[in-house]
1. If neighbour count is taken as other Cβ atoms inside 10 Å, put Asp122, Asp140, Asp71 in order from fewest to most.
2. Once both labels are modelled 7 Å past Cα along the beta-carbon direction, what's the Ala90-Val136 spacing in nm?
3. Take the residue pairs Lys166/Lys186; Lys137/Lys161; Lys34/Lys166; Lys34/Lys151; Lys161/Lys195 and return only those whose Cα atoms are more than 20 Å apart.
4. Sort Trp165, Trp84 so the one with the fewest other Cβ atoms within 10 Å of its own Cβ comes first.
5. What does the extension gain come out to for Asn162 and Asn118, with contour length at 0.36 nm per residue minus their alpha carbon separation?
6. Over all directions, the average projected area of the alpha-carbon convex hull for segment 51-171 comes to how many nm²?
7. Could you work out the local net charge near Asp122, counting Lys and Arg as +1, Asp and Glu as -1, over the other residues with Cβ closer than 12 Å to its Cβ?
Amino acid sequence: MFRKSLFVSLIVLALIYTGVTAAGAEESPGAVLKRSIDNAIIILNQSVEPVQEALDQRNQRLFEIAAEVFDFPSLTMGALGSNWRRFNRAERNEFIDLFSHVVANSYFSQMEGQDFSNVVIDFGETKMLQSTSSGVKRADIESIVTHNGTKTPVVYRMLEKNNTWKVYDVIIENVSMVSNYREQYKARFMDSPQKMIAELKEKLN
C-alpha cells in the first residue's frame, strides 16, 4: 500500500510541478508529460527546510500550479458519478475547490523524506481515444515507473481543454484514481451535498 501511495504521489507531483500551458495543445500529450516529468524529478530532489511555514509555502505553490495542469473539475465529477447532478452550481464549485485541496494534501504529506533520485519513467505508446460526444480530444499515455527496482505500470488519461492538454485520471496497476475516489464516496452518496461539503471542510481543518 505504501509503495503504491508513493508512486501516486510521484505521478501527481510530476504533473503539478512546471506548468504545461506554454506549449498548449500544439504539443502532443506525450511530449507535454515527458517535459513536465523530466523537470519534476529535478525539483522533487531539492531540499526544503523542514519547518511548517516553508512546507506550507511550497505546497501552496504546488497547488496553484496543479490547478493549471490537473483537471480537478473532471476528476471531481468522476468521483461523484451520477450524484454530480444533485449539486447546484454553487455547491459544485465549492466541492471542487475543497476536494482538490484534500486530494493534493494527501499526496503532499507522502512526499516528505522520500528519495526520487533513482526514479525512471519509460513512456510507451500514446493512444488517441475517441473524442467525447462534445468533440473533446482524449488520449491515454502508457508508461512504466521504476523506483528502487520495482516497476509499476501507469497510464495517464488526458484531454484537450482550453487549448492545452490536462490530466483527468491516472491508472496505476490497473486501478483508476477516479474510480478509487468514487468507491470511497459510495457510502456517502445518500448524504446531502451540504453534508459532503462539510466533511471535506473538516478534513482540511
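All of the numbers you see were taken from the coordinates with simple rules; none came from a lab. On a predicted model such as this, the values are computed, not experimentally measured, just so you know. Positions of Cβ are backbone-derived with ideal geometry, glycine not excepted, and every protein chain shown enters the neighbour counts.
1. Values: Asp122 10, Asp140 17, Asp71 20.
Arranged by neighbour count, lowest to highest, Asp122, Asp140, Asp71 become Asp122, Asp140, Asp71.
2. Label-label distance for Ala90 and Val136, simple model: 2.6 nm.
3. Numbers: Lys166/Lys186 26 Å; Lys137/Lys161 8 Å; Lys34/Lys166 13 Å; Lys34/Lys151 18 Å; Lys161/Lys195 31 Å.
Checking Cα-Cα distances, Lys166/Lys186; Lys161/Lys195 exceed 20 Å.
4. Numbers: Trp165 27, Trp84 14.
Ranking Trp165, Trp84 by Cβ neighbours within 10 Å, fewest first, gives Trp84, Trp165.
5. Details: separation 44, 0.36 × 44 = 15.84 nm, distance 3.46 nm.
Full-extension gain reported as 12.4 nm.
6. Numbers: hull surface 38.2 nm².
The Cα convex hull of segment 51-171, projected and averaged over all directions, gives 9.5 nm².
7. On the way: positive: Lys34, Lys151; negative: Glu125, Glu142.
Neighbour charge sum, excluding Asp122 itself: 0.
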